[in-house]
Amino acid sequence: MGNFSRLVVASVILSSANFCSSFAPKTATTFVTKQIPSRRPTATTTSCSATLKPYLNTLIEGNDLTTSETQSAFDEILAGADEVQVGALLMLLRAKGETPKEIAGMVKSMNAACNSVTIPGKLLDIVGTGGDGADTINISTASVVLAAAAGCTVAKAGNRSVSSACGSADVLEALGVIVDLNPEQVAECVKECGIAFMFAPVNHSSMKAVAPVRARLGIRSCFNILGPMTNAAGAQHAVIGVFEEELAPIMASALKEVGRVDHAVVIHGVGLDEISPLGPATILEVKNVAPPGEPKVYEENKFTFDPLDVGIPRCVVEDLKGGGPEQNAEEFRKVLLGGEHTNAKRDSICLNAGVGCYVYGLTDSIADGVALARTTLESGKAEDVLKTWIKASTAIAGAAVEADI
């Protein structure tokens, strides 16, 4: 292990010791370090205080974890592993840099632990990692409404705000959509109106086990990028936006390793975690080309898409600004209104919904998808879908309350 790696390990150990003090009684504790044998350990213990040690040793030695090792480690984490060890593992992974196989193992673990939603047929999700700090309107959330109006069946995953002024759950709640439906109610909502929202705390309740660790660390970890890849309904078609460009190939490779998607794109835009009129976007496309029923075979294609090529002019980020839930809800209603008027916000949802229509298979190109989204928006269908969604989710939630009385 090189000097830099030793410094990283020392930093993690010191951070873990400080982290431990926030949980442990205020008594003197002696920490003893010893030389770790230079070998790759295998996890065999189930004791909470020792379950992550083999994986910690592997990372300290400078080795990557395999997909199965990472999945096993995260199974323990989601079940409530020792919090100090969880913090150390997350930081060792962050310092080393998570590999696609490690990310795939995390995704598989979260998928196995989630309260899944069963919805037949093709499903679309448009979602971003967040983290751009731009505080725009909820572009991806408005885009799924437009995509649903264009003919896609949508199972939208999301949560409350983490890194922005208004998360997807926040704006939908302000609009009147009931966001905390259970899996059966989500399936019913999709059947009723072709779109539904899956609230992360409902579908990924095991994340409560790591919430205190993440809060006390206060540093980005792999959990920040797992949400877009852990759709509880197993959406086979996805538009995933990333703010950090280096995440795009890692997430694309992880999607192939997990093997749930049929057609997905990972997008790195200009200044945002989605495509927008701000400038050209780099797109990594992952597509299953195997015949139906056969093991998936993926083709990957990297290209640049410029909104100028479909007649959308440049804008500045101030043109896309939003605010809190009430302000973003008002902007949400405005961008979905029918009519031929346009602005940067309407252009942005046409772009993202257009990409969604393409990966869903409604069109043969992104350009055609954007054209379909534009026609659908101008027709007023998206506004109607939003109204129907609000009524359907409210009725479904109300029926459940009446049944409990």
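Of the trypsin sites (Lys or Arg not before Pro) found in region 189-223, no site is in coil according to DSSP while having at most 12 other Cβ atoms within 10 Å of its Cβ. The mean sequence distance of close C-alpha pairs (under 8 Å, at least 6 residues apart), as a share of the length of region 110-256, puts its relative contact order at 37 percent.
Listed options for log10 I(q)/I(0) by the Debye sum over Cα atoms at q = 0.08, 0.14 Å⁻¹ are (i) -0.41, -1.35; (ii) -0.45, -1.21; (iii) -0.50, -1.46. The value calculated from this structure is the one marked (ii). Each Lys and Arg Cβ is given +1 and each Asp and Glu Cβ -1; about its Cα centre, the chain then shows a dipole of about 1240 debye. Here the relative contact order of the chain, from alpha carbon pairs under 8 Å that lie six or more residues apart, stands at 18 percent.
Below 13 angstrom from the Cβ of V261, what's the summed charge of the other residues (Lys, Arg +1; Asp, Glu -1)?
Around V261, the surrounding residues sum to -1.
The charge dipole of region 96-160, taken about its Cα centre with unit charges on the Cβ of Lys, Arg, Asp and Glu (plus for the first two, minus for the last two), comes to roughly 220 debye. Using Cβ point charges alone (K and R +1, D and E -1), the dipole size of region 290-405 about the Cα centre works out to roughly 160 debye.
Reported to the nearest whole Å, the Cα centre-to-centre distance from region 170-227 to region 274-290 is 24. Remark: relative contact order (region 259-380) = 20 percent; criterion is Cα-Cα distance under 8 angstrom and separation of 6 or more residues.
Taking only protein heavy atoms and a 1.4 Å probe, what accessible area per residue, in Å², does the chain have with all protein chains in place? For the chain, the per-residue accessible area is 44 Å².
If you take all other residues with their beta carbon under 11 Å from the beta carbon of C189, and give Lys and Arg +1 and Asp and Glu -1, the sum is 0.
The modelled label-to-label distance between V317 and S379, using points 7 Å beyond Cα along the C-beta direction, is 3.6 nm. When the Cα positions of T141, N115, V86 are compared along the charge dipole of region 75-157, T141 comes out farthest toward the positive end, with charges on each C-beta of Lys, Arg, Asp and Glu.
Who wins for biggest fluctuation among V385, V107, V297 in a Gaussian network model of the chain, springs between alpha carbons below 10 Å? Highest fluctuation among the options: V297.
Tally Lys/Arg at +1 and Asp/Glu at -1 over every other residue whose Cβ is under 13 Å from the Cβ of Q327; what's the total?
-1
Judged by the mean number of other Cβ atoms found within 10 Å, the most tightly packed of the peptides 358-364, 225-231 leads the ranking 225-231, 358-364.
Solvent-accessible area of the chain (1.4 angstrom probe, protein heavy atoms only): carbon and sulfur portion equals 52 percent. Under 27 Å from the Cα of K296, which lysines turn up, not counting those fewer than eight places away in the same chain? Counting by Cα, and skipping residues close in sequence, K296 has these lysines nearby: K101, K108, K122, K156, K256, K287.
The values are calculated or read from the model by the stated rules, or taken from the named source; none is laboratory data. The model shown is predicted, which means the values in this text are computed figures rather than measured ones. As a convention, Cβ positions derive from the backbone with ideal geometry for all residues, glycine included, and neighbour counts pool all protein chains shown. Protein only, heavy atoms only, side chains kept; ligands, DNA and RNA dropped before computing areas. Shrake-Rupley method; radii C 1.70, N 1.55, O 1.52, S 1.80 Å.
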